[in-house]
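Read through the structure below, which is laid out as structure tokens, and then see the notes.
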Amino acid sequence: MTLQVNLSAEEREELDSALRVLAERLKAPVSLGGLVKSWEQFVGEIERGYRLTIYDYTNDLTVRDDLEHLVSGVSAGLRRRLMEAVKSVDDRFEAATEEADKFLLPRPHRWWRRIPRKRSADFF
């Protein structure tokens, strides 16, 4: 998936500011395209059958938190547009996972209560 979001100069400035905040938090360079690509690759792994442990899964799942943190730092209109751009990947994640009995980690987002439908025996 190639991320296609046409931004005005003001929106680009707003997004760049939010990216700088996230990069400081992560202590690493970050881009919207890189975050979306990582999320999409992770979802692809889940769709094929997640072969690693639950510890790896929770570590990999943090990329969705990073995306959420990024969009929470922009205006409502820009947030809506950015979330629309990743909706298809979020939908694929929902389809490839099932609801767990409880949240995997104490995080407020719905993806922390989802586990791969196809997973290794070592998952739990």
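Quickly rank 106-112, 87-93 as a protection proxy: mean count of other C-beta atoms within 10 Å, highest first. Show your work: numbers first, answer last.
On the way: 106-112: 13.1, 87-93: 15.6.
Final packing ranking: 87-93, 106-112.
Across the chain, what fraction of all alpha-carbon pairs, as a whole percent, falls in each successive 5 Å bin from zero upward?
Distribution as computed: 2, 11, 20, 23, 18, 13, 8, 4, 1, 0 percent.
With a 10 Å cut-off between alpha carbons and a GNM built on the chain, which of ALA100, ALA85, ALA28 moves the most?
Maximum fluctuation in the GNM of the chain, among the listed residues, is at ALA28.
What does the charge dipole of the chain about its Cα centre add up to, to the nearest 20 debye, if the Cβ of each Lys and Arg holds +1 and the Cβ of each Asp and Glu holds -1?
Working: 21 positive and 22 negative charges, 53 e Å.
My answer is approximately 260 debye.
Give the aspartates and glutamates whose C-alpha is closer than 20 Å to that of LYS102, dropping any in the same chain fewer than 8 places away, or say none.
Counting by Cα, and skipping residues close in sequence, LYS102 has these aspartates and glutamates nearby: ASP56, ASP60, ASP65, ASP90, GLU94, ASP122.
Placing +1 on the Cβ of each Lys and Arg and -1 on the Cβ of each Asp and Glu in the chain, which of VAL36, ALA95, HIS69 has its Cα farthest towards the positive end of the resulting dipole?
Working it through, the farthest residue towards the positive pole turns out to be ALA95.
For GLU99 and GLN41, FRET efficiency with R0 = 22 Å and r from the beta-carbon atoms, rounded to 0.05? Don't skip to the end; give the middle numbers.
Working: r = 23 Å, r/R0 = 1.05.
Between GLN41 and GLU99 the formula returns 0.45.
Under 23 Å Cα to Cα from LYS87, which lysines show up? Leave out anything in the same chain fewer than 8 places away.
LYS37, LYS118
Only the coordinates and a few stated rules stand behind these numbers; no lab work does. This is a predicted model, so every value here is computed, not measured. A quick note on method: Cβ atoms are made from the backbone with ideal geometry, for glycine too, and the neighbour counts reach across all protein chains shown.
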